[in-house]
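Only one structure is covered here, and it is reproduced in the block below.
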Amino acid sequence: MPLLEDIQQILAQGLAKLQDAAEADAMEAWRIKYLGTKGAVKAAMQRLKEVPRDRKRAAGQAANELKNALTEAFERRLAAISATGGGSKKARGPAIDVTLPGRRRRIGHTHIITQTINEICEIFARMGFAVATGPEVEDEHHNFGALNIPLSHPARDPLDNFYINPEVMLRSQTSTVQIRTMESTNPPVRIISPGRVYRPDTVDATHSFMFHQVEGLFVDEAVTMADLKTCLDQFCKTYFGRDVATCFRPSFFPFTEPSAEVDIEFHRPDSTRYWVELGGCGMVDPNVLETVGYDTEKYTGFAFGLGIERMIMRKHHIPDIRLLFESDTRFLHQF
Ligand code: FA5
């Protein structure tokens with residue numbers, strides 16, 4: 001084929017093929033094929049020596065134009081591809097379909113224990129209770145002494161508590177906040193105090209070594225046991241539902257007299273029923289009121305301390321307390 005025709009064909013074919021090249025590899029292959037040292041342009045240049053003298057000038061010009069046209073087209077194409085990211089190695093792979101719906105990422109949410117604490121605070125707020133707090137690292141005076149628990153009492157046993165030293169410990173009950181609140185407030189007092197407590201109990205389906213209690217304290221003139229029962233009954237009916245069965249069992253706590261334990265009814269999958277202790281309660285012992293300087297002739301009060309995990313287990317049919325602490329998101333996402 002005469003060189004001029006050949007040049008036109010190389011140009012047309014080269015430009016067409018360049019449009020098909022979309023990735024870095026294809027572009028490089030094209031460059032080698034047309035502009036490389038053994039490429040089509042070079043071959044056309046070499047054929048110039050075969051051209052008769054009188055047509056050499058025109059053929060040389062055509063060959064140069066071919067080289068310039070293909071080089072420019074190649075550079076334009078390269079710039080266009082890299083502007084859209086298509087030429088980079090990173091962008092290789094299947095194209096992204098931007099019309100597909102996005103995948104929602106799972107984000108964290110409040111743990112069921114915190115949700116429950118918030119709910120408990122709301123229910124008691126409607127009954128006029130404010131929220132009080134106290135330290136988890138406590139002295140033995142607030143955990144025992146001020147609560148009328150004598151030095152000889154088995155509840156002080158080092159095997160039943162996490163002592164840091166003989167005077168300092170991780171609190172074993174939220175009743176410490178009763179004392180701290182009364183020390184800093186004059187009656188009337190109406191508070192609840194949710195928080196963590198620590199006991200070296202053997203872990204099983206209903207016991208943990210760290211768990212949450214909510215303490216309640218109401219001190220005023222003429223507060224009675226009937227107020228206590230009404231308050232806890234109302235709370236249980238609001239939190240668990242109106243048909244929940246509760247039971248007040250006579251009991252003993254050094255800081256309340258009389259004292260009771262509140263149990264709630266659980267249902268097994270086979271519909272048999274059993275009772276689980278939800279908490280302790282009673283009328284604040286006058287010795288405790290005296291220790292904080294309250295006038296025991298004028299004021300009486302009730303107090304309670306309920307296990308928060310036990311409430312959650314009852315409400316959400318959770319058979320094992322350990323599920324609440326294992327951070328298994330398949331479990332936690334249910335709430
Ligand atoms: C007390 O801690 C008293 N301070 C409660 C109290 C307060 C009585 C005010 C009177 C007046 P008790 O040791 O029974 O009581 O614990 C209260 C509740 O905490 C239990 O009924 C139970 O629901 C929960 N609880 C106790 N031990 C554990 C444990 N190891 N794991 C999970 N929950 C527990």
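Just so you know, all these numbers are worked out from the coordinates, no wet-lab data involved. Just so you know, these numbers come straight off a predicted model, no measurement behind them. Virtual Cβ from ideal backbone geometry, glycine too; neighbours counted across all protein chains shown.
Overview of results
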| read-out | value |
| --- | --- |
| Set of lysines near Lys315 by C-alpha distance (under 19 Å), chain-local residues within fewer than 8 positions excluded | Lys237 |
| For the chain: relative contact order, % (alpha-carbon pairs under 8 angstrom, 6 or more apart) | 14 |
| Extension gain (nm, one decimal) between Glu183 and Leu15, 0.36 nm per residue minus Cα-Cα | 51.4 nm |
| Spacing of the two label points (7 Å from each Cα toward its C-beta) at Glu167 and Cys121, in nm | 3.2 |
| Distance (nanometres) between label positions extended 7 Å along Cα→Cβ at His316 and Gln234 | 2.7 |
| Members of Lys42/Lys67; Lys229/Lys298; Lys33/Lys67; Lys17/Lys56; Lys17/Lys49 lying beyond 18 Å, as alpha-carbon distances in this model show | Lys229/Lys298; Lys17/Lys56; Lys17/Lys49 |
| P(r) of the chain over all Cα-Cα pairs, binned every 20 Å from zero, in whole percent | 24, 31, 8, 13, 16, 8, 1 |
| Selection from His141, Val262, Val244 lying farthest towards where the dipole of the chain points positive, charges on Cβ | Val244 |
| Magnitude of the charge dipole, region 3-92, Cβ model with Lys/Arg +1 and Asp/Glu -1, debye to 20 | 280 |
| For region 87-225: rounded, prolate or oblate by the Cα gyration tensor [a/c cutoff 1.5] | prolate |
| Leading residue at positive end of dipole, the chain (Cβ point charges), from Ala40, Leu4, Ile117 | Leu4 |
| In nm, spacing of pseudo-spin labels at Val244 and Asn68 (7 Å Cα→C-beta vector) | 9.0 |
| Residue-wise HN-Hα coupling along region 255-265, computed from phi with Karplus coefficients 6.51, -1.76, 1.60 (Hz; x: Gly, Pro) | 9, 9, 7, x, 10, 8, 10, 9, 10, 10, 7 |
| For the chain, size of Cβ-based charge dipole, Lys and Arg +1, Asp and Glu -1, in debye | 3920 |
| Nearest-0.05 FRET efficiency for Arg196 and Asp227, computed from C-beta distance (R0 30 Å) | 0.60 |
| Added length on full extension, which subtracts the Cα-Cα distance from 0.36 nm per residue, Glu23 to Val203 | 58.6 nm |
| For region 1-157, Kirkwood radius (reciprocal of mean inverse C-alpha pair distance, Å) | 23.7 |
| 5 angstrom amide H check on Leu278, placed H, neighbours 5+ away | Val262, Asp263, Ile264 |
